[in-house]
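**Student:** The structure follows.
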Amino acid sequence: MSENRRQFWKRSSKVPGSILPVYGAQQPPLDKSFLFGRSRVHIHHTKNKKASSFHEFARNTSDAWDIDDESEDVLHSVSCEAKMADVNDVDIVPHCRLQEENSNQSVTKSASEDQLHKVTADELRKCSWPGIPRDVRPTTWRLLSGYLPANKDRRQQTLQRKRAEYFGFIEQYYDSRNEEHHQDTYRQIHIDIPRTNPLIPLFQQPLVQEIFERILFIWAIRHPASGYVQGINDLVTPFFVVFLTEHVEDDVENFDVSSLSSDTLRNIEADSFWSISKLLDGIQDNYTFAQPGIQKNVKALEELVSRIDSEVHCHLQKYEVEYLQFAFRWMNNLLMRELPLRCTIRLWDTYQAEPEGFSHFHLYVCAAFLIKWRKEILDEEDFQGLLMLLQNLPTIHWGNEEIGLLLAEAYRLKYMFADAPNHYRR
């Protein structure tokens, strides 16, 4: 088992893509368990001196919440569970069950060891929110999406059954792509696949494109209420890449998949299908007739931005830029067209850890993303310039740090507005 896998369960502040915990940033620090494993640091207040940057503010305020109550030992023991364990060997148990087991056990070495391979679903999400290391990301994504059972003893059996079920669908339905009533669907998928991340060599390989065609066609005919909609093709790519990393140590974006065994490729394909299905189940209103989910979210974004930054909102109005003209794509493709793939994968670590991440939290990420460019927006003084900017934002060099800051701001907005929606309703 690799050192990376072990460190993931130590709640280290050095998790890739993470920033130090700040109130109203990565997660609500009101839950003291978020501070597990961190040494206590007393805050030294400096009069009349403001933090010069977000990171300085983070350093000055991290670990501001001391754990002084009697539950510290129990909480710490829960935080240490699976310290040395591979994520594949961890049981995800209900929080109430873990509390009950802790209360029934004496504080002994054997009791501590018994809890080693158990974490709660909340603990898993909290570990994942600030970013998941590459080594444990594939299994963690399966767990967070609900594709993989919480009980580790059932996982291999479930994977075998679901993978076989998917290829049963292929045998049953895939030949129907040539039938008249499915031709339009298949034709559109066939057109869209080469357009998926065209600058990444991985997705231009015929073998990969055939896999994507099968995934999208089977999903479409099993979901006739929406069918295939342009943009869904993009959503398969993060899952495919993440599950590919289980078998590839090199640069995934340039990897030749023909060097993998057929069984490995079949497993990656089936896991990608079930994972995209789980994701789309939560946002299917985005892809039904007239895409009402997207229309609703774009309107909510407009109202939210009008409250949090009226200057930007009025500037867009002044030059008659409609939110639908740029934000439709943000909602339809979950910002995948605006961010490098590596950033999307990091973003999805948090989306899967956040309750209703794809359906609800994404709104606040889009608001934070828009306000991030306020200076550039205000500098443009005509319709064409604004639209060109908003449709071609310069994120090509973004990495984990930029995504971490974006998520921190999105959480702040959610904390301020989600529980008080009248703040942004007209």
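The values are calculated or read from the model by the stated rules, or taken from the named source; none is laboratory data. Not measured: the values here are computed from a predicted model. Because the Cβ atoms are built from the backbone with ideal geometry, glycine has one as well, and the counts that use them run over all protein chains shown. Please note that ligands, DNA and RNA were not included when accessible areas were found on the heavy atoms of the full protein model with its side chains. Shrake-Rupley method; radii C 1.70, N 1.55, O 1.52, S 1.80 Å.
**Student:** Name, by its number, the condition in (1) more than 28 Å from GLY399 (Cβ to Cβ); (2) in contact (Cβ under 8 Å) with a residue 60 or more places away in the chain; (3) in contact with a helix residue (DSSP H, G or I) (Cβ under 6 Å, 6 or more places away or on another chain); (4) not hydrophobic (A, V, I, L, M, F, W, C) that does not hold for GLU311.
**Tutor:** Every listed condition holds for GLU311 apart from (3).
**Student:** Give the number of residues within the range 235-293 that are within 18 Å of ALA220 (Cβ to Cβ) and either assigned to a helix (DSSP H, G or I) or polar (S, T, N, Q) (or both).
**Tutor:** 24
**Student:** Only one residue in ILE215, ILE221 is surrounded by 11 or more Cβ atoms within 10 Å (Cβ to Cβ), part of a helix (DSSP H, G or I), over 24 Å from the mean Cα position of the chain (by Cα) and of a type in the set (Val, Ile, Thr). Which one?
**Tutor:** Exactly one residue qualifies, and that residue is ILE221.
**Student:** Given the criterion surrounded by fewer than 17 Cβ atoms within 10 Å (Cβ to Cβ) and touching a residue at least 40 places away in the same chain (Cβ under 8 Å), identify the matching residue among ASP256, ASP271, ASP281.
**Tutor:** Just one listed residue meets the conditions, ASP256.
**Student:** Are there any pairs, at least 6 apart or on different chains, whose C-beta atoms fall under 9 Å, with the first in the range 150-165 and part of a loop (DSSP other than H, G, I, E, B) and the second of a type outside the set (A, V, I, L, M, F, W, C), and if so, which?
**Tutor:** ALA150/ASP91; ALA150/PRO94; ASN151/ASP91
**Student:** A follow-up question, please. Looking only at helices (runs of 4 or more DSSP H) that lie completely in the range 318-385, which have at least 3 residues being open to solvent by 20 Å² or more (accessible area, probe 1.4 Å) and under 20 Å from GLU401 (Cβ atoms)?
**Tutor:** 374-379
**Student:** A follow-up question, please. Among the numbered criteria (1) in a loop (DSSP other than H, G, I, E, B); (2) farther than 26 Å from LEU148 by Cβ, which single criterion is violated by ILE191?
**Tutor:** (1)
**Student:** Also: Output the residue which, of all residues in the range 194-212 that are among the β-branched types (Val, Ile, Thr) and outside any helix (DSSP H, G or I), is surrounded by the most Cβ atoms within 10 Å (Cβ to Cβ).
**Tutor:** The qualifying residue surrounded by the most Cβ atoms within 10 Å (Cβ to Cβ) is THR196.
**Student:** Right, next: Identify, please: which residue in the range 395-420 is open to solvent by 80 Å² or more (accessible area, probe 1.4 Å) and of a type outside the set (A, V, I, L, M, F, W, C) and is, among those, nearest to VAL312 (Cα to Cα)?
**Tutor:** Among them, the one singled out is ARG412.
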